[in-house]
Amino acid sequence: MIDPFALISLELSTAYPHLVMATSKSPNTSSSSSSSLASFDELPRETWWENVDLYKCDGFWYGLPYLVAAMEAQSSFKDRDDDVLLASSTKTGTTWLKALIPCIMDPYARLVNDDDDGMPSPRLFRTHLPYTKLPESIKSPGNSKIVYITRNPKDTFVSLWHFLNSIRTVEQGPLPLIQMFDKFCNGVHAFGPFHDHVLEYWKESVKRPEKILFLKYEELKRDPRGEVKKLALFLGRPFGKEEEVDKVLWRCSFERLKSLEVNRNGVDPWAGFPKTAYFRLGVVGDWKNSLTEEMKERLDQITSKKMEGSGLDL
């Protein structure tokens, strides 16, 4: 018997396409597109690492293909009332939610193509875009829902650093920790600054809790049963029996996801990364094994200052 969740895992990037990539496969070469691309040269630009340049637009940093696609998506993407969008900064627990949400919504997910208009409902999307860069149709009043997950910034940075190192060759070696940490603290990383990204979604979730569910990775780890029940209720799929909760938690456990053939040998078709890069430890507090006390204090101070008065504790 085929495990239905194996199919879901196999098709995560198809049934769950990245929002900006689902609406713009690649920049075209029309004169209007060329004009838009030329205008990006006027934006602030910094090198994130080696030959990877980021462009700053409306306060956030993007790789150029993602910025082009995001701007197109803002005007062209049309949501449906039963759409669900998983949003996050990078390396905050997204992979876990990418499994949990489809498993709750439709444990026998169908195979679909990568055309967002042709996807059967309910459509499930994921994105790292900040809230202000989302298409207006998603942000406007309606029944579509946004699930946002965040994480302690120290663990987020360390997870990101390990992730980037995992997709490098032996000859390239690991990225320098200190320089990457400085970039992170200064907000110069993909879809950064991290704290601003978190605060945008947090403030909207406070204003519209029926529209946006704000989750923390640490709380999911501490009380997975309670948090998954909350997620299911928000999605309009409350569990009828405790056994159903157990089944979802088992199917979506870190150990099981990591051991699936598709995740051990598969490649993310959107990013080209081996799927093994998305599974390392899945624990809370691993930052202690990489950051010095001075680095901890620096990031804690930034976090405290950024979160002051927001009501959010990271």
Average accessible surface area per residue within the range 92-239, 1.4 Å rolling probe, Å² = 38 Å²
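A 25 angstrom limit on the alpha carbon distance is what I want to check against. Which of K145/K296; K154/K306; K183/K211; K56/K207 exceed it? Present the calculation step by step, with values, prior to reporting the outcome.
Values: K145/K296 35 Å; K154/K306 14 Å; K183/K211 32 Å; K56/K207 27 Å.
Cα-Cα > 25 Å for K145/K296; K183/K211; K56/K207; rest within.
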Which loop GluC sites (Glu not before Pro) in the range 42-83, with loop taken from DSSP, have no more than 16 other Cβ atoms within 10 angstrom of their Cβ?
-> E50
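What FRET efficiency comes out for L233 versus V283 if R0 is 22 angstrom and r is the Cβ-Cβ distance? Round to the nearest 0.05. Don't jump to the answer; show the numbers that get you there.
On the way: r = 27 Å, r/R0 = 1.22.
FRET efficiency, L233 to V283: 0.25.
Under the classification rounded if a/c is under 1.5, otherwise prolate if a/b is larger than b/c and oblate if not, where does the range 140-204 fall, given a ≥ b ≥ c as square roots of the Cα gyration tensor eigenvalues?
Values: a/c = 3.17, a/b = 2.13, b/c = 1.49.
Note, shape of the range 140-204 comes out prolate.
With the contact rule set at Cα under 8 Å and sequence spacing of 6 or more, what percent relative contact order holds for the range 116-199? Could the numbers behind the result be given before it?
Details: 27 pairs, mean separation 23.1, N = 84.
Relative contact order for the range 116-199 comes out at 28 percent.
If Lys and Arg each add +1 and Asp and Glu each add -1, what is the summed charge of the other residues whose beta carbon sits under 14 Å from the beta carbon of E210? Spell out each step's value before the answer.
Details: positive: K139, K145, K207, R208, K211, K230; negative: D81, E204.
After counting each charged neighbour, the total is +4.
Excluding I101 itself, what net charge comes from residues whose Cβ is under 11 Å from its Cβ, given Lys and Arg +1 and Asp and Glu -1?
Values: positive: K98, R126, K145, R237; negative: D106.
Cβ neighbours under 11 Å give a net charge of +3.
The values are calculated or read from the model by the stated rules, or taken from the named source; none is laboratory data. Please read these numbers as outputs of a predicted model, since none were measured by experiment. Don't worry about glycine lacking a Cβ; one is built from the backbone with ideal geometry, like all the others, and counts go over all protein chains shown. Heads up: the accessible areas ignore ligands, DNA and RNA and are worked out on the full protein's heavy atoms, side chains in. Shrake-Rupley method; radii C 1.70, N 1.55, O 1.52, S 1.80 Å.
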